[in-house]
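Enquirer: Questions regarding the structure given below will be posed in turn.
Every read-out reported here was derived from the displayed coordinates using simple, explicitly stated rules and does not represent laboratory data. Not measured: the values here are computed from a predicted model. Here the Cβ is made from the backbone with ideal geometry for all residues, glycine too, and neighbour counts use every protein chain on show.
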Amino acid sequence: MFPAEVYVNRRKRLRTQVQSGLILLLGNSQSPMNYRLNQYPFRQDSSLLYFFGLDLPDLAAVIDVDKGAECIFGDDPAADDVIWSGPQPPLSQTCQMAGVSQTLPLERLQTVLANAAQNGRNIRYLPQYRPENILKMARLLEVAPTVVNDGTCERLIRAVVAQRSVKAKEEIEQIEAALDVSYEMHTLAMKLSKPGTYEKEIAGAIEGLALSRGCRLAFPAIFSIHGETLHNPHHENLMKAGDIAVNDSGAESPLRYASDITRTIPVGGKFSQRQKEIYTIVLNAHETAIDAVKPGVEFRDIHRLASRMLLSGLKDLGLARGDPEQGVEAGAHTLFFQCGVGHMMGLDVHDMEALGEDYVGYTDAIRRNPAFGFKSLRLAKAVEPGFVVTVEPGIYFIPELIDRWKAGQKCSEYINYDMVEKYRDFGGVRIEDDILVTADGCRLLGAEIPKSIDQVEHMSSA
Ligand code: GLY
Ligand code: MN
């Protein structure tokens, strides 16, 4: 955990922002895989972690804003917990590390909330994303599960998003600790990506590496020679010389901060000429986009800039035509780049997505564009110092998408389908780094992971 005052100060600020009522933060419980006691690794709710740092199941936090009081509801370890999971301190002792002096048994929570409601107090809570917490919240608030998320508190959501968006020094240190492990994961993957190796061997090796460093993955690793499938969850392919593999993976630091890095690896150590050309387009878009990030710049403009660079590079290769700027406005680039150029990152790899993407990445004036491609942009608003964002342009040749677009001659003013056909089995290229917005620009977080063609080929031949 961070020192107690970090959590105390975060909560003080939250109380000031929220102004009145009770704040209820539900922690997560263990999640069974196939029977109750065989469980997925425990992952605490990120907002409870942010304000209390308590990485234990079955907790709830109540902050009484009017009285300035705070209480953790939870239970002391039972004899069985000690027998099966080892000695654990009493809850009150753990809570002191978060600067909380009051604890109550979990069974008291319902009465406390019922009394508060009877007294006309406003009970403010965040959107619930776990089915068991929807049910818990429904029982606690005596409402139907189907309406739990209708009762969330916008003021609380906005206050939490505002606070969690700007990362403090100690959070950046955690992200960089996760990035140290990412460096090792990505360079290991480059070295291991030899012809005759299965994707699952690399996926297993990088996950094992994260575990061996006291971390785990921030999200299931994407490691695939079919990088054109944006979040390809499969690792079954045998890799051969000439393939390129997309490795989109990140570690989660001991305090649960994410990293999220993508590199594209030539299996066997050498990119072909065609692969180099596409890779260079993506790398130029990635670097130009990073160079453009500074406070006040809207991230949707970074997205458009990267999209233009991609389309313009593809034009140079003969796959696109016409004016790249107009092509992007027409959405022509989305045949090749179907997602957003990046997202916020912090305690969640897509930071605070559970609170509602539009609260995180949009404003009343900057609304989500529902068009294909643009709709997947998670962050559009102007960035501020302290934001941590990913920059991850890519080019993806998705055969089914090419067929659909070609059949309708979609955007044919900007797309040379005869040339695109020649790339239908190309796969995909993505390059992603994590950056911190600073007072006058941005800086790359973590040590630079091999990224130029020479660096990647060198590491992949090692
Ligand atoms: N790393 C996966 C993503 O950004 O969606
Ligand atoms: Mn990402």
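Enquirer: To the nearest 0.05, what FRET efficiency results for Gln409 and Arg367 with a Förster distance of 35 Å applied to their C-beta separation?
Expert: E between Gln409 and Arg367, to the nearest 0.05, is 0.70.
Enquirer: So what is the relative contact order of the stretch 24-68, in percent, for Cα pairs below 8 Å that sit 6 or more residues apart?
Expert: Relative contact order for the stretch 24-68 comes out at 46 percent.
Enquirer: Okay, moving on. Taking only the alpha-carbon positions of the stretch 23-90 and ignoring solvent, what does the Debye formula give for the base-10 log of I(q)/I(0) at q = 0.14, 0.20, 0.24, 0.25 Å⁻¹?
Expert: -0.50, -0.90, -1.13, -1.17
Enquirer: If you plug each phi of the stretch 25-39 into the Karplus form 6.51 cos²θ - 1.76 cosθ + 1.60 with θ = phi - 60°, what whole-Hz ³J(HN,Hα) values come out, in order, with x for Gly and Pro?
Expert: In residue order, the calculated couplings are 10, 8, x, 8, 10, 4, 10, x, 7, 9, 7, 3, 9, 9, 10 Hz.
Enquirer: Go ahead and collect, in residue order, the members of the stretch 363-396 whose backbone nitrogen is under 16 Å from a label point 7 Å along the Cα-Cβ direction of Thr288.
Expert: 392-395
Enquirer: Another question, then. Order the peptides 133-140, 407-414 from the highest to the lowest mean number of other Cβ atoms within 10 Å of their residues.
Expert: 133-140, 407-414
Enquirer: On C-alpha positions alone, give me the angle between the axis of helix 299-316 and the longest principal axis of the chain, in degrees, nearest 10.
Expert: 20 degrees
Enquirer: Round to the nearest 10 and give me the degree value, 0 to 90, for the angle of helix 154-165's Cα axis relative to the longest principal axis of the chain.
Expert: Approximately 60 degrees, to the nearest 10.
Enquirer: Could I have the simple spin-label model distance between Glu277 and Met1, label points 7 Å from Cα toward Cβ, reported in nm to one decimal?
Expert: 5.8 nm
Enquirer: Counting only C-alpha contacts under 8 Å and six or more residues apart, can you give the relative contact order of the stretch 167-258 as a whole percent?
Expert: The normalised contact order for the stretch 167-258 reaches 37 percent.
Enquirer: Using the beta-carbon distance between Asp323 and Leu230 and R0 = 25 Å, what value does 1/(1 + (r/R0)^6) give for FRET efficiency, to the nearest 0.05?
Expert: It comes out at approximately 0.40.
Enquirer: Determine the percent antiparallel among the DSSP beta bridges restricted to the stretch 1-157, to the nearest 5.
Expert: 70 percent
Enquirer: Provide the per-residue ³J(HN,Hα) series for the stretch 62-73, in order, calculated from phi with Karplus coefficients 6.51, -1.76, 1.60 and θ = phi - 60°, each as a whole number of Hz, with x at glycine and proline positions.
Expert: The phi angles translate into 10, 10, 8, 5, 5, 9, x, 9, 9, 9, 9, 9 Hz.
Enquirer: Report the label-to-label distance for Gln110 and Lys240 in nanometres (one decimal), using points 7 Å from each Cα along the Cα→Cβ vector.
Expert: 6.2 nm
Enquirer: Right, another one. According to a simple spin-label model (label point 7 Å from Cα along Cα-to-Cβ), what is the distance in nm between Lys194 and Ser92?
Expert: So the label points at Ser92 and Lys194 sit 6.0 nm apart.
Enquirer: What angle, in degrees between 0 and 90 and rounded to the nearest 10, separates the Cα long axis of helix 169-192 from the longest principal axis of the Cα atoms of the chain?
Expert: 40 degrees
Enquirer: Also, I was wondering about something else. Can you pick out the pairs among Lys240/Lys276; Lys12/Lys381; Lys194/Lys451; Lys169/Lys375; Lys294/Lys422; Lys270/Lys410 whose Cα atoms lie more than 29 Å from each other?
Expert: Listed pairs above 29 Å: Lys169/Lys375; Lys294/Lys422; Lys270/Lys410.
Enquirer: Further question: Could you give the length gained by full extension between Glu132 and Lys12, i.e. 0.36 nm per residue of separation minus their alpha carbon distance, to one decimal place?
Expert: Gain on stretching Glu132 to Lys12: 40.3 nm.
Enquirer: Can you tell me, using C-alpha contacts under 8 Å and at least 6 residues apart, the relative contact order of the chain as a whole percent?
Expert: 15 percent
Enquirer: If you don't mind, another one. List every residue whose amide H lies under 5 Å from the amide H of Ser31, counting only residues 5 or more places away in sequence or on a different chain, with H placed 1.01 Å from N in the peptide plane.
Expert: Tyr40
Enquirer: If packing is taken as the average number of other Cβ atoms within 10 Å across a peptide's residues, how do 13-20, 222-229 rank, most packed first?
Expert: Result, highest mean Cβ count within 10 Å first: 222-229, 13-20.
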